[in-house]
Structure formats: structure tokens, C-alpha cells
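See structure below.
The values are calculated or read from the model by the stated rules, or taken from the named source; none is laboratory data. None of the values given here were measured: they were computed from a predicted structure. Don't worry about glycine lacking a Cβ; one is built from the backbone with ideal geometry, like all the others, and counts go over all protein chains shown.
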Amino acid sequence: MNAASCLRVALPVPLPQLFDYLPRESGRPAVPGGRVSVPFGKRRLVGIVIETGVASEIAPDRLQRVETVLDDGEALLDERLLALLHWCWQYYKRAPGDVVAAALPPALRTARGQRPPPPQIHQLTDAGRERLGAPPGRETARYALLEAMAPGPQTDASLRGLAGRWRATLDALIDKGMAETVMAPLTEAQPQPGPELRSEQRTAVDAIVSNLGRFRCHLLDGVTGSGKTEVYMCVLEQVLTAGQQALVLVPEIGLTPQLLRRFSRRLGVEPNVIHSGLAAGERLAAWEAARTGRAPLLVGTRSALFTPMPRLGLVVLDEEHDASFKQQEGFRYSARDVAVKRAAELNIPVVLGSATPSLESLRNAKEKRYDWQRLRERATRAALPSWRVLDLRQQRTVHGLTETALDAVSIALDRGEQVMVFLNRRGYAPVLMCQSCGWHGLCERCDANLTWHRGGGRLCCHHCGHQRRAPELCPECRADALVGAGEGTQQLEEYLAKQFESVPVLRFDRDRVSRKGVMDEQLAQVREGECCLMVGTQMLAKGHHFPGVTLVVIVNTDQALYSADYRALERMGQMIQQVAGRAGRAEKPGTVILQTLHPEHPALSLLLEKGYAAYAEWLLEERKLAGLPPCGHQALLRADAHDRADVERFLRDALACFPRGAARAFGPVPAIMERIGGRWRMYLVLLAEDRSGLHRQVDHWLPRVRGLSTARKVRWSMDIDPQEL
């Protein structure tokens, strides 16, 4: 046996290594990027070949052999994508198999999974056209199928509705030489003219287009309504007409429908979509179309980032500041950072767009690592909305709304305008409590109150998913005195529907729009421009264009002002600016009402008086003084277990073996939500001025951590560049 004839395979197991196997003795050889089925203990696992022809340190008689080479030996992941995945598992300190699995759709993570065949179309031959010139006679079904293909080639989907046995009928026509099945042609973009660009937009487009074919990261920093999407489309038009592919990432599934419509109309191509809400077959079909180059434009959420695309020429991240671009479980990666890395490796440009850029991106732009394109005017030339701050200490509230806010809502609705009421808290009330004895619903598995969902009569934990029926009487004192404390979107919807009976009240939160199609239906109703009242959570704040909205009411965001998370103020400022940006985007001026118990707070005052740019500068200066990201580098060693003492012992042992160096380690620190799902959560914090120094120390440290006896009693992981505490 040749010492350099082994395969190195990434397997979906939580071990920080690749595994060596002998190739099959006969048959099609395995190739890097291809799937193989291999024995692993008593199991059979599907892995991805990372290298071939390598010399193993294990004796050949101890190595097992690959059992099956899947996909006819074809590489599903190309060399550059494998290199990116290799960088990811090294940078984020994850098991290679976990990282590589992220590049495969769920349907291909088992040996049974097969790639769909390439799309085909069915069309008439000359004999079929000649047959159409004669009467149908007794061959009515065949004749109907010929007529259906007469205008042009048809897909399976278009023929399926003609008859129950359409496939057998088509086969008969093919046998007679009247029809044929051929490979569907590649989709070509047919762009339509867009609106005339303003000078700021034109400058941004020219700057990005001038870098096509080479790596450059562009921060597209534009106020809400400034036309960032049209900038994207102008650049995408150049990329697609050149025969290249483009990848557009968005933070929320809810943003994809309106983007898809705009891209389809403007670019003349139907985008393919990848996100977690798709059925496995739909996701696999979109992934395969992108991998084979048949899909010129792919739009998706974070999980679409690792999709293989052979002709990728541009990556766009819309709302790049959004926290959902960081994966918070398992393989904890930042889609924004990995997208920049992927673009750099492919030598193509990447565009990061936001009205409220992250401090990380702003710092990179200020230090000229990113090109900085700024759009300071709205595309419609509409003025930015005016602000009204209401001091909740001075006004009585009903269901969280002051009389002043309700009067403003009433006036706007009387004028036939649209109004948005924002509260980032779903459910009917944050807690159900007894007015007699003070009992309130607590989750038995989390350090959290159970949210009251009155419509379903349930108490729900929004952290672990636990649910139970809401009691009719107090479980402690049996009094009939249970009431909701605080407000949620369901309560606001119910109250506002009673106050404004003649106006549709549309609720946008995860509970309401979880059913397929509801989000699209409600957004379509808003886009029609009729008078309506929207109540919703943060899903209303991201990227939506509502020309009819003239008033936005922000019920309360005060919890961020005193959060233990140092990122809370950044996220609060982004959220307020994003929500406010929905108002006054057309010819009618917009107003934003902010209700707060702390109108004098310096952070709020600065944000409202000077704007997000000055606010971000202030936050950056604070981070610099504290040595916190992005002015320093951070990692967390996270651990959780059912026994709090096990977590604390493990973290203390890990801290004791942390190597000396520039990085400092401290803890254990309880997570802000210390218990979720019955598991206690704590972490060690690592801080350093130098990123490479931090990584060197962590690489020396992790083998020691894995060797700790206390590590076997907890679930632990590294979180590089964490976004949550």
C-alpha cells in the first residue's frame, strides 16, 4: 500500500480533526469536495473528501476503507470553497465536519440524498407541428398536449395540469417523433431600465462597478429611503449581463418576498432562494441550480453564504449590521465576516449595505480598509422624519400608549394615512400575575417569565419554547385576580382594533406570520396604500418600503439603556433609526413619537439631536477607552450543564490552564440569561488588542481544555468575535 494514497475526510462529528480512510479498491475514485459513505464505529456516516493522495500517520492495516463514492464521484464543493471552509474551522475553532456540513443542504447530508436532475423542457418537433395542422380525431389527449407546446417549450409544471396521465401521453408523442425533451437553456438576465440615479447613487455605483473583477469591500452607508437597493440592482445588472453569478444575503426571511419582486422586475431574472423556511426539496433544487451555474442570482439568509457558485462575481449583504448574521448555536460564524473573506479569496467585490452600519464596519471604513460610499439624501428627496419625545413619567398610559400618542394616531388615520406602532415584544403581556398575592408565571427551565399569549390561552417561554395552559385562578391563592402585566403586540393589536374599529389593524410578529403566506398577504395590503394601522416587532424595522406611513410610534426601548450587554446601546440606536426610517418616505412628511422614561439620557439625546453617525462615533470612543470590540478582540469560552456547579468547576479549571500571553482571561461570568432550557450557562471572557495573538493563545489552550476531566460533565464551545453575552 502506497503511504500517500489515503483520503482525508470531514465527518459530521464534534471532534476537531479530519479522518483518514483508504480509497475503494475499484470503481470510480473519490475527489476533493465529493461525498463518500464511510464506516465510523458502528455507524455509517456521509462525509466530504478534503484531500486525496495523502500520507497517513496511521498504519494501513488499521485504516478502514471508503464504502461508497456518492454522486458518481463528482465534486460538490469546489477547491476555493473547500479552502474557505478550512479557514472557517481554523478561525472559529470548530470541528471540520460541523463546518463542512454547513455547505451542504440538509437533503444531501445522508447517503440517501440525491441531487435533482438538471431541468428539462418539452417542445414540438417538425412532425408535431405538422400533426397540429390536421384535426385531433380520436387522439384528444395527445392533441391537447401538442397544442400546449405550440406557443413554445414547456416545463413539467406547466404540462402537469393538463391531464392526470400527461407523462404517459408525452412519452407516446416522443415515441412518435412529435415531441422531444431537451435540457432547459440557462437563464439570461434581461434588465429593465430603473429610475434615474441621484448623484450620490451614481457615485456609489461607479465606485463599485470600477472594482468588478477584483476584491474590494464597499460599505454602502445610506440613510433610510436613500435608494441603496437601486444601487445594488445597478451593480447586479452589470454582473449578470457579464454572465456571472451574484449572491445577495438578507437578515430575515420576511425581507425576501419584496426583494425578489423588485429583482425580478428590474433585472429580468427570477432569483433562486435559500433559507431555513424552505422545504428540503425546494432548498436542494435552489442549491443545485446555483452550484451548476444555472441560477444567476441567489438570494438568501445566513445559511446561503456557503452555497457553491462557479461564476460568482459579487456578494451583497443587505442590513449588514443585523445581529442575525451571526450564527449563535453550533458553528458560530459571522456571515458578514465570512462573506468578506469569501470575496477576498475569489478576488471579487463585496457590498455591505446599511442605514445604521455596525461599529466594526464603520471602523474599517474610517481606517480605509473598506471603501465608504455615503448616501445622505432620500431617493424621493423627502425629508427625514421629525421627532417627538414623550416623557412617560409625565403622562398616563393605557396599554402602553400615552394619550398624546393615541391622539396623533387618530389624526393620521383620519387623514387616510398609514401608521406603525412598534413594540419589540410579542405575546399579549410579558407576564401573567395575581393582583392578590403577587404570583407570576415563571419558566421552570429558564430565568425568565412566561409570556401570556391570551388568544391561545397559553403561557409560553420565548427562550426554551416551553408552553403550558394559562390558569383561570391563581395557582397560589386561588383568587380570580390574574391580569397581564406590561404590553405585548397581541394586546396592542386588540386595544387599537377597539379604538379604531373602521381601520384594519395588521400585526407583524413571529406568532402571526409563522404560517406561510400571511406575511405576503399583509404586506400586499399595506402596499396598496389604503389607510391601515400596523403593530409589530423588529421584523417591521428592516428594509421595508411603506410610502403611505406618515407616523411611527415607538412604545418603549428603555430596557437597552441599562443593559449589562455593552452592545445594547449600539443595537438600540440601530433599531430606533431603522424603525423611524419607515416614516415619511414619500411626499407626505413623517413623524416619529418615542415614548421613554428617560428623555434626558445622554445616549438618547445624542441619537435624536445629532443622528446615528455622531452616536456611532461616541460609542466607538467608549469602546476604544474600554478596549472592547471593534477596538479590541474578544472570544468567549461558553459552557452549560444541568448542574451549575459543574459549569463553574469546568470554567475555573479552564481558566487555571490559560497560557500566558497578550490576551487576558477572566471569569467565570454568568450569562445575562443564566438558565435556559434547564441548563446553567456561564463563560470565560478573553480580551486582547491583537487578533493574531489571541488566536495563538487559544490554539495552545484548547488541547488543554479538551483534556480536563471536568470538560466531560459540560457542553462547551468557543465563540470567536461573540455578539451576545
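For the range 1-53, name all the residues that are over 30 Å from V705 (Cβ atoms), hydroxyl-bearing (S, T, Y) and not in a loop (DSSP other than H, G, I, E, B).
Correct list: S37, T52.
Please tell me if Q491 is within 30 Å of P589 (Cα to Cα) and either without any contact (Cβ under 8 Å) to a residue 60 or more places away in the chain or touching a strand residue (DSSP E or B) at 6+ places or on another chain (Cβ under 9 Å) (or both). If you could, list the steps in order and put the result at the bottom.
Details: within 30 Å of P589 (Cα to Cα): yes; either without any contact (Cβ under 8 Å) to a residue 60 or more places away in the chain or touching a strand residue (DSSP E or B) at 6+ places or on another chain (Cβ under 9 Å) (or both): yes.
Against the criterion (within 30 Å of P589 (Cα to Cα) and either without any contact (Cβ under 8 Å) to a residue 60 or more places away in the chain or touching a strand residue (DSSP E or B) at 6+ places or on another chain (Cβ under 9 Å) (or both)), Q491 qualifies.
Scanning for something modelled with pLDDT of 90 or more, in contact with a strand residue (DSSP E or B) (Cβ under 6 Å, 6 or more places away or on another chain), assigned to a loop (DSSP other than H, G, I, E, B) and on the phi < 0 side of the Ramachandran plot, does the range 126-140 turn up at least one residue?
no
Could you check, for the range 28-50, whether at least one of its residues is free of Cβ contacts under 8 Å to residues at least 40 places away in the same chain and among the hydroxyl-bearing types (S, T, Y)?
no
Among the numbered criteria (1) more than 25 Å from the chain's Cα centre (by Cα); (2) hydrophobic (A, V, I, L, M, F, W, C); (3) surrounded by 20 or more Cβ atoms within 10 Å (Cβ to Cβ), which single criterion is violated by I554?
Result: I554 fails condition (1) only.
Looking only at residues in the range 54-79 that are part of a helix (DSSP H, G or I) and surrounded by 15 or more Cβ atoms within 10 Å (Cβ to Cβ), which one is farthest from the chain's Cα centre (by Cα)?
G73
Checking the conditions here, which among G400, G427, G416, G441 is of a type in the set (G, A, S), in contact with a Pro (Cβ under 9 Å, 6 or more places away or on another chain) and modelled with pLDDT under 95?
Only one candidate qualifies: G441.
Anything in the range 551-602 that is of a type in the set (D, E) and at pLDDT below 90? List them, or say none.
D558, D565, E587 - these are the residues of the range 551-602 that are of a type in the set (D, E) and at pLDDT below 90.
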